[in-house]
1. Among the listed residues 56, 106, 37, 83, which satisfies the condition of being in contact with a strand residue (DSSP E or B) (Cβ under 7 Å, 6 or more places away or on another chain) and either more than 13 Å from residue 10 (Cβ to Cβ) or modelled with pLDDT under 85 (or both)?
2. Quick one: which of 74, 50 is modelled with pLDDT of 95 or more and surrounded by 10 or more Cβ atoms within 10 Å (Cβ to Cβ)?
3. Those residues that are under 22 Å from residue 62 (Cα atoms) and part of a helix (DSSP H, G or I), I need them from the stretch 17-30; list them, please.
4. If I ask for residues that are over 13 Å from residue 71 (Cα atoms) and crowded, with 22+ Cβ neighbours inside 10 Å, which ones from the stretch 1-22 would you list?
5. Looking only at the stretch 59-70, count how many residues are out of contact with any helix residue (DSSP H, G or I) (no Cβ under 7 Å at 6 or more places or on another chain) and either at pLDDT 95 or above or assigned to a helix (DSSP H, G or I) (or both).
């Protein structure tokens, strides 16, 4: 299982590297509090606007290049999330994940059901 300090630092760095008003959400087994020894990190980065989510995901992963833990960084625009939020299985992470606030002094809090 990945140390909480590493997760918080990764969330802080993603928030700093992304545009203002971006939300970073930890999801998957770590977001649900069910991580095991071999669990990776899964982040959903919701940006106000994003032209190319794949390229933005690569750019953000490079920000965490020194973090030698397997991770997935999924990038989506706020518009795309709103468009797909009610489609079962698409953004369930908004309910089951943990929000990593942009202010590094804040604690990680559980996302509330929408």
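The values are calculated or read from the model by the stated rules, or taken from the named source; none is laboratory data. The structure presented is a predicted model; accordingly, all values stated were derived computationally and were not measured. Quick reminder, even Gly has a Cβ in these numbers, built from the backbone with ideal geometry, and neighbours come from all protein chains shown.
1. Working: 106 fails: in contact with a strand residue (DSSP E or B) (Cβ under 7 Å, 6 or more places away or on another chain); 37 fails: in contact with a strand residue (DSSP E or B) (Cβ under 7 Å, 6 or more places away or on another chain); 83 fails: in contact with a strand residue (DSSP E or B) (Cβ under 7 Å, 6 or more places away or on another chain).
Answer to the selection: 56.
2. On the way: 74 fails: modelled with pLDDT of 95 or more.
Selected residue: 50, the only one of 74, 50 that is modelled with pLDDT of 95 or more and surrounded by 10 or more Cβ atoms within 10 Å (Cβ to Cβ).
3. We begin by selecting, within the stretch 17-30, every residue under 22 Å from residue 62 (Cα atoms); these are 17-28, 30.
17, 28, 30 - these are the residues of the stretch 17-30 that are under 22 Å from residue 62 (Cα atoms) and part of a helix (DSSP H, G or I).
4. If we filter the stretch 1-22 for residues that are over 13 Å from residue 71 (Cα atoms), which is where we start, we get 3-5, 8-9, 12-13, 15-22.
Once the filter is applied, which keeps residues that are over 13 Å from residue 71 (Cα atoms) and crowded, with 22+ Cβ neighbours inside 10 Å, the stretch 1-22 yields only 18.
5. The qualifying residues number 3.
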